[in-house]
1. Measuring from label point to label point, each 7 Å out along Cα→Cβ, what is the residue 244 to residue 493 span in nm?
2. Give me the extension gain from residue 146 to residue 481: residue separation times 0.36 nm, minus the current Cα-Cα distance, reported in nm with one decimal.
3. Sorted by mean Cβ packing within 10 Å, highest first, what order do the peptides 261-271, 315-325, 431-441 take?
4. If r is the Cβ-Cβ distance from residue 427 to residue 123 and R0 is 51 Å, what FRET efficiency results, to the nearest 0.05?
5. If you take the beta carbon distance between residue 396 and residue 333 as r and set R0 to 30 Å, what does 1/(1 + (r/R0)^6) give as a FRET efficiency, to the nearest 0.05?
6. Would you please give the FRET efficiency between residue 462 and residue 226, computed as 1/(1 + (r/R0)^6) with r the Cβ-Cβ distance and R0 = 60 Å, to the nearest 0.05?
7. Whole-Hz ³J(HN,Hα) for each residue in the stretch 432-444, computed from phi via Karplus 6.51 cos²θ - 1.76 cosθ + 1.60 with θ = phi - 60°, x for glycine and proline: what do you get?
8. Once the Cα gyration tensor of the stretch 443-523 is diagonalised, what are the square roots of 5 times its eigenvalues, in whole Å and ordered largest first, as equivalent ellipsoid semi-axes?
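Taken together, the values in this text are just the output of simple stated rules run on the coordinates, not laboratory data. Only a predicted model underlies this, so the values are computations on that prediction, with no experimental measurement involved. Using ideal geometry, Cβ is built from the backbone for each residue, glycine included, and neighbour counts are taken over all protein chains shown.
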Amino acid sequence: MEWVYQCQVRQGNGFFWSPLCVRTRNRLLYQHLFGTFDLDTRHANKSLKMTTLVEAIQHKFDMLTDPSSCDMQHVTLYGSPSAWRKQFFSASGELQLPHVLVMDNSNVTHLGDIEKLAKMCGHIVELDLANNSLASWSDLLQLLNRLPQLRLLNLSINPMLGPKSDSVTHEEKTDAPEKPLKDSECHSQYLLAQPMPHLSTLALNQLPQLSWPMLAGLLSSAPNLTELYLSNNDMEAPDFPCPKIGGYASVQQLYFNGNRLLSEDWTKLSQWFPKLEKLTLIGNSADKLPSSAVSLATEEGSNNTNKDSVVILPLLCNLKSLNLSESEIDSWSELEKLNLCPSLTDLRILDIKLGKGRPKKEFRAEAIARLAHVTHLNGTAVTDEERSAAERSLIRAHTIDLEIKNEPTDLAVAEAPDQLDSLLAKHGRLDALAKVDLRPTQSVSLVLRYGNQSRTCQLATNQLIREVKQKVCDQFNVEPSRVGLYYIDQGMVGAMGPELLNLPGRAFHSYRPEDGDELILKDFN
């Protein structure tokens, strides 16, 4: 259960205005001055057919203000419908939408009357149209051009939204197949929106027909965009230069999960988004990270052969948070390249190839020791004590390995991690930790004596005294009732002499027997 205290509440299939509400996974309990509205979001829209956005909005408010006009089987409404109408309609009868409009999973295929929609939505700041069946970019751009205050736009999971012709409306039918446009045609015809200076968050997840030219048109219209979501689009890195000189420098957070970013695509991504502070790449196939230095000849295609000429990838200069979980990185040398990112402090590397098959605690400790700037690893803060212990453990592990190989433990050996020299300067050379095993010995080799007879026997220490006595007597064919059992500790024999073991229920290991100690049987007088 989650308490929400914002003025606008977004959940599932509904949009609501409330000073306070309680939200759960599938149900929304809506507290208001007029009463309580309890909507099961799993069933509310099952009866709603494919429709326009205008009709879907009207359907939502009909559930509140006119229950008899729609299927209320799964909705329980408390309070007067007239009170709801007073809340959402003006005195002249015009619908007053909240500033946050969420119409996800509403079976919307087209927007409908753009002018009417613009009049209804002209003041909204957040618009969520995810998980619908929208297919027309031109209609969307016409609407976006009429939303001057829009700050957040979510068009995720609209699989039909792509570079398609809008000459045929959803009400018309034709047998002519739809011909997809080229990227350049799509860019020029569809995605030249009016400037959206307030738009700061754009979500375009799971749009299989999204292309980089289409995206470039939207980004050019949003000069102050800071968060961009492009996950699960099966996208590769752009194969052409960024159309905007200097790239889209306003974008600070990029979510590029579940795509096809390759190891050689880092430079292309850097050209488009040079000022990223947060980059999320979960589930991408890249197995190598970029070096901070790239030759000018490679970068600019020039004839410069000076190998010392370098430029710094802008992508690495400002990056503060990086998520590489579920990637194909399989070597420490690749991860250690992140030490070249001066601002990187937050790193997530869950389920990467390098860590598979290794204990999580051990893998985390080595990652902390090798990555000097990271203060949060996999969402958990790295304490000073944890870093110190990890660094000292890394020093011991690698210096001991070199000594076993009879190699000098200098700082230039190829096997040493990049951080070993600085760690040795910080902590000095460390000896291996002593291995102390406080568990009792499982078995000991003791000398057994009876009269003039003696023999050596291996006895388990987890037995009781009565069991030990029985086994010793069996060695000499003596009845236990006729003899007493004495224990001689070789280290204490001069001070204590033989000790009678007269507590049959006591554990034998409590005497701390060692190899070479004696057990003696003596007849009772």
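1. 9.0 nm
2. Working: separation 335, 0.36 × 335 = 120.60 nm, distance 10.44 nm.
Full extension from residue 146 to residue 481 adds 110.2 nm.
3. On the way: 261-271: 17.8, 315-325: 20.0, 431-441: 7.8.
Output ranking for 261-271, 315-325, 431-441: 315-325, 261-271, 431-441.
4. On the way: r = 61 Å, r/R0 = 1.19.
Efficiency, from the Cβ-Cβ distance: 0.25.
5. Values: r = 21 Å, r/R0 = 0.69.
Working from the Cβ atoms, E equals 0.90.
6. Values: r = 66 Å, r/R0 = 1.10.
For residue 462 and residue 226, the calculated efficiency is 0.35.
7. Calculated HN-Hα couplings, in order: 5, 5, 5, 8, 10, 10, 8, 6, x, 4, 6, 8, 9 Hz.
8. Details: eigenvalues 56, 42, 33 Å².
The three semi-axes for the stretch 443-523 are 17, 15, 13 Å.
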